[in-house]
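See structure below.
No lab work stands behind these numbers, since they all come straight from the coordinates. Only a predicted model underlies this, so the values are computations on that prediction, with no experimental measurement involved. In this analysis, Cβ positions are derived from the backbone assuming ideal geometry, glycine residues included, and neighbour counts consider all displayed protein chains.
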Amino acid sequence: MFELFPDEWTPVAFAKEIRRGRAKKVRVAGEDLALFRDHEGRLAALIDRCPHRGVALSLGRVTEAGTLECPFHGWKFDREGACAHVPFCDVPADKRARLGATAVPCRERGGLVWIFTGEDARGREPELPEALVEPGWAHFQYAEEWSTHWTRAMENMLDYPHLPYVHQRSIGRQLRAPAERNAHLELEVRPTSYGMQIVARVEGKQSPAGLSWRRPNGMVLDLSFGGRRMKQHIYCVPVDEKVTRMMLISTRDFGLFALLAPLYWLLDWSNTWILREDRAVVESSQPPEVPHPSEEKSVAVDGPTLAFRRWYHRELKPRAAQKVDVPATSLRKGPRAS
């Protein structure tokens, strides 16, 4: 399970998408999940496959007791995956304990639904940027799916030299002239506990925008100015080998209650246009998955994307290759949403 993206925390949906009384199907790294809330509003994630006859649990209803009812034969499962009821059968508790669905470790943090793509998340928790968890920030959320491998999408988010060309009508406009006159661009990669920070200098002048990689599949662009803080967060979530869900969360600590709030909302929405500027170019990349750093021609300003590639081919890809495909019903239960 989750062979494409094993043993990592990743957001998969916005928390507001998971409403009481109904399940939501999401696909992550080639595996379908059924997300729902129990009667207390607590989040749950089950492999979207009933252990009885394999139908999609996400097609079922959430009962008043907070269990997810299979749409085929009415088996009911709680947020831990335990089988709570089998219609027409007086199944003893000890036998019912062997009839459970598979629960996946999940959390609700920063307005996002996080799942762990492995058997056991004990000792590991999702690490969120400050703007997603601190009070006093306005959040704007948006998502769309791209026809590309998640690694191509991720390295695009860390790529500075594409700005004056892909984004020449928006955030890269002022870089076009320096690029055309062959101005010197220096990109410094600073390793951090969560991934890396990227510092850009054009002709020796440091860019006011801060860029960081949040391992494994997150990016934060810091656009703060004049004492006002504004940060863009993007998560490149693997749906399968060919599709990536791009999750954008724009945050700012100003314009929260002002009369001009609608104008600030337009500012937030404009970031979706910038995201779409990347789409066609990234979707055209061949091969779809980023190759080893030695397999494509690179130059000095490719440092940040090469750092990501080295991590991917050194850490995550070998782990994926070694992962054994265990039947979903045999997976151990992991920690749940708090």
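Do you know the relative contact order of region 130-319, to the nearest whole percent, from alpha carbon pairs under 8 angstrom that are 6+ apart?
Over region 130-319, the number comes to 28 percent.
What number, in percent, do you get for the relative contact order of region 9-126 if the mean sequence gap of Cα pairs under 8 Å and at least 6 apart is divided by its residue count?
Over region 9-126, the number comes to 26 percent.
Please report the relative contact order for the chain, taking Cα pairs under 8 Å with a sequence separation of at least 6, and give it as a percent rounded to a whole number.
Normalised by residue count, the contact order of the chain is 21 percent.
Give, in nm to one decimal, the length gained when the segment between residue 267 and residue 72 is fully stretched (0.36 nm per residue of separation minus the Cα-Cα distance).
Computed gain between residue 267 and residue 72 is 65.6 nm.
Calculate the length of the line joining the C-alpha centroid of region 67-101 to that of region 245-299, in whole Å.
Each part reduced to its Cα centre gives a spacing of 43 Å.
Past the 26 Å Cα-Cα mark, which pairs from 297/323; 205/317; 25/95; 16/76?
Violating the 26 Å Cα-Cα cut-off are 297/323; 205/317; 25/95.
Specify the inter-centroid distance of region 1-43 and region 193-210, based on alpha-carbon positions, in whole Å.
Measuring centre to centre over Cα atoms gives 34 Å.
So if I place +1 on the C-beta of Lys and Arg and -1 on the C-beta of Asp and Glu, and nothing else carries charge, what would the dipole magnitude of region 133-225 be about its Cα centre? I want it in debye, nearest 20.
Roughly 200 debye, rounded to the nearest 20.
Tally Lys/Arg at +1 and Asp/Glu at -1 over every other residue whose Cβ is under 14 Å from the Cβ of residue 67; what's the total?
Charge balance in the 14 Å sphere: +2.
Pull out a ≥ b ≥ c, the square roots of the eigenvalues of the alpha-carbon gyration tensor of region 182-270, then state rounded if a/c is under 1.5, prolate if not and a/b is larger than b/c, and oblate in the remaining case.
oblate
Sort 228-235, 310-317, 22-29, 151-158 by the packing proxy (mean of other Cβ within 10 Å over each peptide's residues), most packed first.
The most tightly packed comes first, giving 151-158, 228-235, 22-29, 310-317.
Of (1) 79, 54, 34; (2) 107, 48, 31; (3) 57, 41, 40, which is the value of Cα extents along the principal axes in Å derived from the coordinates here?
(1)
With n ≥ 4 as the cut-off for DSSP H runs, can you work out [θ] at 222 nm for the chain, using -39500 (n - 2.57) per run divided by the number of residues, rounded to the nearest 500?
Only helices count here, giving -5500 deg cm²/dmol.
To the nearest 20 debye, what charge dipole does the chain have about its Cα centre, counting +1 at the Cβ of each Lys and Arg and -1 at the Cβ of each Asp and Glu?
The dipole of the chain has a size of about 440 debye.
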